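Q: Structure in structure tokens, see below.
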Amino acid sequence: MIQMRSLLIYFPLILFFGLISNVKSLILLENQFELFVHKVASKFHDDWRELFHQQNPTDRNRFKLTTDTHRYNSSDFIYPMILTVGSCFVHRNLKVARNRWNSSLVYVDILNMNYDELPDDWARENRATAQVACQQILFAVKKKRIFDRNLIEQFSKEIHRQWIKRNQFRTNKDLLLAYENLPDIEKEKDQRAILIACQLFNQLRLYSNLHSSPIDIIQ
């Protein structure tokens, strides 16, 4: 039986695509949408890693504090090292570190983790951005919108607007500016999420389920 949470999450898509009358279709829609979101979130993270390496060629890792500590076995922290986050025992996979003096402080190397390795608190933001991007793409395809630079900009604004809603109390105020006032490097992050969603929409052949055609972005 479809859970109420799933109905609430997918209700806009269910109504839009007219699949609410068929439970099997609803399950198929949910599974396809989750796959779409997962692929976009994963690709978005991989692109960030590649860009970070290009911009910071001397940096070999990027450790960040995580609250998702239960997934790591404390006995596997065996390598004492001095990291940018302090004196730590490092997990045998070299991607997780625990503060030597406070075992409740655990850090993950988001630069050397793929999306599926990220703890939930670090995967969550990528997933949320991907969900917005995927919804925008599906709606636009169904409405037969023309995918040009103006539409990409419109969707990028929505990506940023939703990001602000999630991060307004825990981020640099400079990033809370309206999309139009952001520096180009920040705009490009939002645009990249949309472009990745377009690319994967085609690669996953989702257009065949919508009786549509691959997305062709008009420059």
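The values are calculated or read from the model by the stated rules, or taken from the named source; none is laboratory data. All figures in this text were calculated on a predicted structure; none of them were measured in a lab. In this analysis, Cβ positions are derived from the backbone assuming ideal geometry, glycine residues included, and neighbour counts consider all displayed protein chains. Side chains are part of the model used for accessible areas, which takes the heavy atoms of the whole protein and leaves out ligands, DNA and RNA. Shrake-Rupley method; radii C 1.70, N 1.55, O 1.52, S 1.80 Å.
Q: For region 117-126, just list the computed ³J(HN,Hα) in residue order, Karplus coefficients 6.51, -1.76 and 1.60, θ = phi - 60°, integers in Hz, with x standing in for Gly and Pro.
A: 8, 5, x, 4, 5, 9, 7, 4, 5, 4
Q: Next question, about the same structure. Could you list which residues have their amide H under 5 Å from that of residue 148, counting only those 5 or more apart in sequence or on another chain, with H placed in the peptide plane?
A: 218
Q: Which one, 115, 90, 102, projects farthest toward the positive side of the charge dipole computed for region 86-153 from Cβ point charges (K/R +1, D/E -1)?
A: 115
Q: So if R0 is 41 Å, what FRET efficiency would residue 148 and residue 59 give, r being the distance between their Cβ atoms, rounded to the nearest 0.05?
A: Working: r = 37 Å, r/R0 = 0.89.
That pair, residue 148 with residue 59, gives E of 0.65.
Q: Read phi for every residue in region 185-194 and hand back ³J(HN,Hα) as whole Hz from Karplus 6.51 cos²θ - 1.76 cosθ + 1.60, θ = phi - 60°, with x for Gly and Pro.
A: Whole-Hz 3J(HN,Hα) from phi for region 185-194: 5, 6, 4, 5, 4, 5, 4, 4, 4, 5.
Q: With the full set of protein chains in place, find how many percent of the accessible area of the chain is carbon and sulfur; take the probe as 1.4 Å.
A: Exposed carbon and sulfur together represent 52 percent of the surface.
Q: Taking the C-alpha atoms of region 31-141, how large are the radius of gyration and the largest Cα-Cα span, Dmax, in Å?
A: 16.1, 54
Q: Rounded, prolate or oblate for region 130-182? Axes are the square roots of the Cα gyration tensor eigenvalues, ordered a ≥ b ≥ c, and the cut-off for rounded is a/c under 1.5.
A: oblate
Q: If you place +1 on the Cβ of every Lys and Arg and -1 on the Cβ of every Asp and Glu, how big does the dipole about the Cα centre of the chain come out, in debye to the nearest 20?
A: Dipole magnitude for the chain comes out near 380 debye.
Q: Please give the contour-minus-distance gain from residue 105 to residue 73: 0.36 nm per residue of separation, less the Cα-Cα distance, rounded to one decimal in nm.
A: On the way: separation 32, 0.36 × 32 = 11.52 nm, distance 1.36 nm.
Stretched fully, the residue 105-residue 73 segment lengthens by 10.2 nm.
Q: Work out, step by step, the length gained on full extension between residue 172 and residue 188: first 0.36 nm times the residue separation, then minus their alpha carbon distance; give nm to one decimal.
A: Answer, rounded to one decimal: 4.0 nm.
Q: What chymotrypsin sites (Phe, Trp or Tyr not before Pro) in region 32-135 are in a loop by DSSP, with at most 11 other Cβ atoms within 10 Å of the Cβ?
A: Filter output for region 32-135: 101.
Q: Between the alpha-carbon centers of region 47-78 and region 163-219, tell me the distance in whole angstrom.
A: First find each Cα centre; the distance between them is then 24 Å.
Q: Follow-up. Relative contact order for region 103-219: what is it in percent, counting Cα pairs under 8 Å that are at least 6 residues apart?
A: Here the relative contact order equals 33 percent.
Q: Spin-label point model (7 Å from Cα, Cβ direction): what's the residue 49 to residue 84 distance in nm?
A: My value for the distance between the label points is 1.6 nm.
Q: Hey, another quick one. Can you run phi through the Karplus equation (6.51, -1.76, 1.60; θ = phi - 60°) for region 142-151 and list ³J(HN,Hα) in whole Hz, with x for Gly and Pro?
A: Running phi through 6.51 cos²θ - 1.76 cosθ + 1.60 with θ = phi - 60° gives 4, 8, 6, 6, 8, 8, 10, 4, 5, 5 Hz.
Q: Say a site is exposed when it is one of the trypsin sites (Lys or Arg not before Pro), sits in a DSSP loop, and has at most 11 other Cβ atoms within 10 Å; what is then the longest site-free stretch of the chain? Before the final figure, lay out the partial values.
A: Details: sites that count: 60, 71, 143, 144, 170, 205.
Between exposed loop sites, the widest span is 72-142.
Q: Counting only heavy atoms of the protein chains, get the accessible area per residue of the chain (1.4 Å probe) and round it to a whole Å² value.
A: That works out to 59 Å² per residue.
Q: Please compute one quarter of the surface area of the Cα convex hull for the chain and express it in square nanometres. Provide the component values of the computation, followed by the final result.
A: Details: hull surface 58.7 nm².
Average projection, Cα convex hull of the chain: 14.7 nm².
Q: Check cross-link reach from residue 64 to the lysines: straight Cα distance under 28 Å, and skip same-chain residues fewer than eight apart.
A: 39, 43, 95, 157, 165, 173, 187, 189
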